[in-house]
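Presented below is the structure to which this report refers.
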Amino acid sequence: MSVLIFIDQAEGHVKKASLEALTYGGDLAKQTGTTAEAMVFGTVAEDLTALGRYGISKVHHVSSAALDHFDAQVFANVIAKVVEETKATVVVFSHNQTGKAVAPGVAAAVKAGIVTGAVALPDISNGFVVKKSVFSGKAFANVNISSEIKIISLNPNSYKTVAGKGMAEVIELNVPVPESKIKITAVSKVSGEVPLTEADIVVSGGRGLKGPENWGILEDLAHTLHAATACSRPVADSHWRPHHEHVGQTGVQVAPNLYIALGISGAIQHLAGVNRSKTIVVINKDPEAPFFKAADYGIVGDVFEVVPKLTEEIKKMQAAS
Amino acid sequence: MKILICISKTPDTTSRIAFKDGNTKFEENGVQWIINPYDEWYALVRAIELKEKDPSTVLHLVTVGAADCEPVIRKALALGGDEAYRVNTQSDDSFYIATQIFEVAKQGNYDLIFTGKETIDYNGSSIGGMVAEMLSMPYISLATKFDLNGSTAVVAREIEGGEEVCEVALPVVVSCQKGVAEQRIPNMRGIMSARTKPLKVVEPAAAEALTNITSYELPPVKAGVKLVGADNVAELVRLLHEEAKAI
Ligand SMILES: Cc1cc2nc3c(=O)[nH]c(=O)nc-3n(C[C@H](O)[C@H](O)[C@H](O)COP(=O)(O)OP(=O)(O)OC[C@H]3O[C@@H](n4cnc5c(N)ncnc54)[C@H](O)[C@@H]3O)c2cc1C
């Protein structure tokens with residue numbers, strides 16, 4: 001048995017979610033007494049040997065420039081070949097946008113049982129049981145994988161990245177890459193901002209902010225904390241904020257270290273997307289707002305008064321420490 | 001144009017989540033079932049819009065599940081599907097379910113297969129990618145916009161930290177999310193006509209389930225909120241810094 005981790009990279013750089021997957025795969029290999037290896041595709045700008053710090057011994061690199069553009073079908077095909085080549089029995093992905101696109105295709109190609117949204121290492125005392133998030137964060141399921149090859153797709157922000165020492169051996173693999181049927185015509189990156197699913201801190205606004213023109217106080221707070229910004233569904237529906245910021249059961253599910261909710265009532269569908277956050281702070285003028293029941297800290301007060309003060313106090317604290 | 005839309009039933013978003021039989025089964029008592037919102041609001045509604053533009057379009061629905069899925073699939077027909085297939089089996093293994101959909105899909109010669117980005121109960125987001133691979137079709141996940149230009153699909157999709165627009169010749173499998181369409185409510189005429197639309201029950205193909213759920217857990221309950229006065233914001237900052245170590 002060996003563990004193979006897919007590394008997602010963009011413009012040559014390995015993403016945080018992939019480092020979590022690497023650490024997870026490395027720990028899984030230790031737990032099962034086997035080795036962990038990684039695979040990475042396309043043109044890479046980073047020194048891949050350094051990935052050894054996450055507990056992996058080899059990095060399989062398929063350098064074909066055709067893989068600089070993501071195509072789920074092509075990637076699934078190439079990954080399946082690497083799985084075969086390396087005789088891997090567990091394949092680990094991050095359950096980010098790329099993982100969601102490609103991991104299921106690989107599972108179908110190599111006939112592997114798949115668990116997506118995993119939040120912990122498998123329990124191998126009786127089978128191979130992986131804990132995953134279900135009901136949009138309202139519960140967990142323990143899922144046994146019985147196939148010979150197993151695929152785990154790890155929820156972002158649920159496994160801590162640990163870098164130790166070590167160097168990985170880089171192996172250039174020559175795998176035939178099928179032609180892509182997809183033509184990418186435009187890419188727009190939300191530049192300068194912290195991606196929502198990877199953020200340590202998320203500052204989120206609801207209808208209590210009254211209108212898009214009032215988002216300045218929220219952005220100031222987010223900026224001060226290097227946080228990503230998010231919003232409730234009606235805020236995105238009214239086009240006050242872009243759709244990709246909508247968190248909740250029918251939006252993005254996040255699990256940051258800190259989630260700060262400003263003027264959000266805390267409807268069950270909203271909570272479903274945020275209740276895996278480690279610490280929740282709620283600022284709402286209504287003491288009866290349901291969100292307070294799910295919060296760790298709260299202020300009953302007007303966001304327009306409290307939020308600028310909060311930003312000021314955080315700046316003071318940052319200056320002092 | 002022939003479109004297949006994958007439909008799943010899920011508990012209503014306000015359902016209380018509880019488990020029974022030693023936490024091995026979801027407590028269905030008192031649960032209202034709905035069409036999985038991603039399947040309904042985005043995948044199905046977009047397909048209906050495509051049919052409104054080109055009335056020769058045929059919309060087939062497929063669901064994998066027992067007879068208790070039928071009210072949900074009838075509602076999907078009421079919204080605007082033409083006919084539906086129910087594969088008469090129950091499973092929570094995505095490989096098994098995808099295999100059943102693949103069997104239906106390969107017989108129908110579809111130009112386009114839509115799924116929701118995930119179900120709101122199991123949160124697998126696996127079916128679309130698996131079915132695409134089984135059919136050797138390209139797969140576009142997490143679509144936020146979908147248009148047709150002749151026999152080319154023009155799709156915007158969510159990528160890590162942004163969005164990308166791509167073009168692909170049909171056939172293709174697409175998973176849909178917010179942005180692709182807006183929620184609709186079925187009208188009376190739809191509801192009436194849904195009763196007579198064909199709902200075909202097919203028996204499952206032989207396939208293996210590669211995973212099974214052994215138990216469920218609820219997250220630990222929070223200790224309770226610590227309230228800080230609105231005139232004492234500095235105290236909140238202190239707590240977040242020193243106690244929660246969150247900033
Ligand atoms: C099937 C379904 C799926 C859904 N999915 C989602 C989802 O994924 N995500 C989501 O967010 N919602 C979702 N919803 C909607 C959800 O039910 C709520 O309607 C929504 O979350 C409410 O958004 P809100 O808290 O911004 O607005 P409101 O509920 O209107 O709350 C506004 C809050 O702001 C407070 N407030 C007002 N003024 C101030 C002020 N000056 N200072 C401080 N506080 C103030 C009020 O006290 C109130 O609590 C879904 C609904 C359904 C039916």
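Its Cα gyration tensor gives chain B an equivalent ellipsoid; the semi-axes, largest first and in whole Å, are 36, 24, 19. Charged side chains reduced to their Cβ positions (Lys and Arg at +1, Asp and Glu at -1) give region A:189-321 a dipole of some 200 debye around its Cα centre. Among B:GLY162, B:GLY81, B:GLY116, the largest mean-square fluctuation in a Gaussian network model of chain B (Cα springs under 10 Å) belongs to B:GLY162.
Comparing A:LEU67, A:LEU19, A:LEU310 in a Gaussian network model of chain A, where Cα atoms under 10 Å apart are tied by springs, the biggest mean-square fluctuation is seen for A:LEU310.
Expressed as a whole percent, the accessible surface of the protein assembly as shown that belongs to carbon and sulfur atoms is 51, based on a 1.4 Å probe.
What's the local net charge at B:THR99, with K and R +1, D and E -1, over the other residues with C-beta under 13 Å away? Write down the numbers at each step before the final one.
Working: positive: A:LYS111, B:LYS106; negative: B:ASP93, B:GLU103, B:GLU133, B:GLU208.
Result for the local shell: -2.
Computed from Cα positions, the angle between helix A:303-320 and the longest principal axis of chain A comes to roughly 60 degrees.
Using a ≥ b ≥ c from the Cα gyration tensor of region B:1-63 (square roots of the eigenvalues), is it rounded, prolate or oblate, where a/c under 1.5 gives rounded and otherwise the larger of a/b and b/c decides, a/b for prolate? Could you put the intermediate results ahead of the total?
On the way: a/c = 5.05, a/b = 3.05, b/c = 1.65.
Prolate shape, in that a/c is at least 1.5 and a/b is the bigger ratio.
Evaluate the relative contact order of region A:34-106 (contact order divided by residue number), counting alpha-carbon pairs under 8 angstrom at least 6 apart; express in whole percent. Contact order relative to length: 29 percent.
Number of Lys-Lys pairs in region A:196-320 with C-alpha atoms under 16 Å apart and a separation of 8 or more places or on different chains: 4. Between the residues B:ALA98, B:ASN88, B:MET137, the greatest Cα displacement towards the positive end of the dipole of region B:1-145, with unit charges on the Cβ of Lys, Arg, Asp and Glu, is found for B:MET137. Once the GluC sites (Glu not before Pro) in DSSP loops with at most 13 neighbouring Cβ atoms within 10 Å are cut out of chain A, the longest remaining piece is A:180-287.
For chain A, the longest principal axis of the C-alpha atoms and the axis of helix A:72-86 are separated by about 50°.
Taking trypsin sites (Lys or Arg not before Pro) across region B:172-246, the ones in a DSSP loop with at most 14 further Cβ atoms lying within 10 angstrom of their Cβ are B:ARG195, B:LYS222, B:LYS245. Using alpha carbons only, the radius of gyration of region A:3-172 set against its Kirkwood radius gives Rg/Rh = 0.93. Charging the Cβ of each Asp and Glu at -1 and of each Lys and Arg at +1, and nothing else, the dipole of the protein assembly as shown about its Cα centre rounds to 800 debye. Would you mind checking the tilt of helix A:97-110 against the longest principal axis of the Cα atoms of chain A, expressed as 0 to 90 degrees and rounded to 10? Tilt relative to chain A: about 30 degrees. Would you calculate the separation in nanometres between label points at B:ARG16 and B:ASP54, each defined as 7 Å from the Cα along the Cα-to-beta-carbon direction? Spacing of the two 7 Å Cα→Cβ label points: 4.9 nm. Once the 1.4 Å probe is applied to the protein heavy atoms, region A:1-90 comes out at 34 Å² accessible per residue.
Could you report the buried accessible area between B and A, both sides summed, computed with a 1.4 Å probe and given in Å² to the nearest 100?
Values: alone 13900 and 15720 Å², together 22580 Å².
The summed interface area works out to 7000 Å².
In region A:3-172, with Lys and Arg counted as +1 and Asp and Glu as -1 at Cβ, which of these residues, A:GLN31, A:ILE79, A:PHE6, has the Cα nearest the positive end of the dipole, that is, farthest along it? Among A:GLN31, A:ILE79, A:PHE6, the one farthest towards the positive end of the dipole of region A:3-172 is A:GLN31.
Placing unit charges on C-beta atoms (Lys and Arg positive, Asp and Glu negative, everything else neutral), compute the dipole magnitude of chain A about its Cα centre in debye, rounded to 20.
Details: 29 positive and 31 negative charges, 137 e Å.
Roughly 660 debye, rounded to the nearest 20.
Applying the Kirkwood pairwise sum to the alpha-carbon positions of the protein assembly as shown produces a hydrodynamic radius of 24.3 angstrom.
Cα-Cα over 29 Å: which of B:LYS2/B:LYS25; A:LYS15/B:LYS2; B:LYS117/B:LYS245; A:LYS16/A:LYS87; A:LYS111/B:LYS20; A:LYS150/B:LYS9? Flagged as over cut-off: B:LYS2/B:LYS25; A:LYS15/B:LYS2; B:LYS117/B:LYS245; A:LYS111/B:LYS20.
Averaged per residue, chain B has 42 square angstrom of accessible surface, using a 1.4 angstrom probe with ligands and nucleic acids left out.
Of the trypsin sites (Lys or Arg not before Pro) found in region B:1-65, the ones in coil according to DSSP and having at most 13 other Cβ atoms within 10 Å of their Cβ are B:ARG16. Burial of accessible area (probe 1.4 Å, heavy atoms of protein chains only) in region A:113-145, relative to its chain alone, reaches at least 50 Å² for A:ILE114, A:PHE135, A:LYS138, A:PHE140, A:ASN142, A:ASN144.
Which helices pass in chain B if a helix is a full DSSP H run, must span at least 20 angstrom along its long axis by Cα, and must have mean Kyte-Doolittle hydropathy not below -1.0? Write out the running numbers ahead of the final one.
Values: long enough: B:94-108 (21 Å, 0.32).
Membrane-span-like by this rule: B:94-108.
Positive-end ranking of B:ILE73, B:ILE247, B:VAL172 along the dipole of chain B, with charges on Cβ about the Cα centre, is headed by B:ILE73. Provide, in order from the shortest bin, the percent of all Cα-Cα pairs of chain A in each 10 Å bin, continuing until the bin that contains the maximum pair distance. Result returned by the calculation: 6, 25, 29, 23, 14, 4, 0.
The values are calculated or read from the model by the stated rules, or taken from the named source; none is laboratory data. The structure presented is a predicted model; accordingly, all values stated were derived computationally and were not measured. All Cβ positions, even for glycine, are placed from backbone atoms using ideal geometry, and neighbour counts span all protein chains on display. Accessible surface areas use protein heavy atoms only, side chains included; no ligands, DNA or RNA. Shrake-Rupley method; radii C 1.70, N 1.55, O 1.52, S 1.80 Å.
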